[in-house]
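A quick write-up on the structure given underneath.
Any read-out appearing in this document is the output of simple, stated calculations on the displayed coordinates, not a laboratory observation. Because the structure is predicted, anything quoted here is derived from the model rather than measured. Neighbour counts are summed over all protein chains in view; Cβ atoms, including those assigned to glycine, are modelled from backbone coordinates with ideal geometry.
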Amino acid sequence: MNRIALTIGIYVCLAGGVRVSAAQTPAPDGAALYRTTCRGCHGARGKPSEQMRGVYPSLVVLSDSAEQAKLTVDGIVTLLTNGNGKEMKPFKDKMSKEEIRAVAEFVKTLKPAASP
């Protein structure tokens, strides 16, 4: 009996009866992607280290409220997709559009660290 069920299952799969819909695909984790691709330069909470600011003087402090006011998700998507010249390389060949948008949405959640 199990052999028959297994055989039928294989035929159904081969015939295309099993499909994975977009709804079943989990959304990219913007925070995790930020940690692996952005944190090295922009810092864990959106504030680059002094060393990185020395290397890239125009590096944006993503957690600064004035900078956050200038940023839109679509603008961040464009920047991540195309880069900005020498300082930031494009990510269009490294991340999917969905992953880039997830990172952009995460960046908009960054806030200044609370003062001790």
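If R₀ is 30 angstrom, what is the calculated FRET efficiency for the pair ALA32 and SER58, using the beta carbon separation as r and rounding to 0.05? So the FRET efficiency works out to roughly 0.70. Annotation note: trypsin sites (Lys or Arg not before Pro) in the stretch 17-101 located in DSSP loop regions with a Cβ neighbour count of at most 16 within 10 Å are ARG19, ARG45, LYS86, LYS92, LYS94.
At full extension, ALA69 and ARG45 could sit 7.0 nm farther apart than now, given 0.36 nm per residue minus the alpha carbon distance.
With the gyration tensor restricted to C-alpha atoms of the stretch 28-107, the semi-axes of the equivalent ellipsoid amount to 18, 14, 13 Å, longest first.
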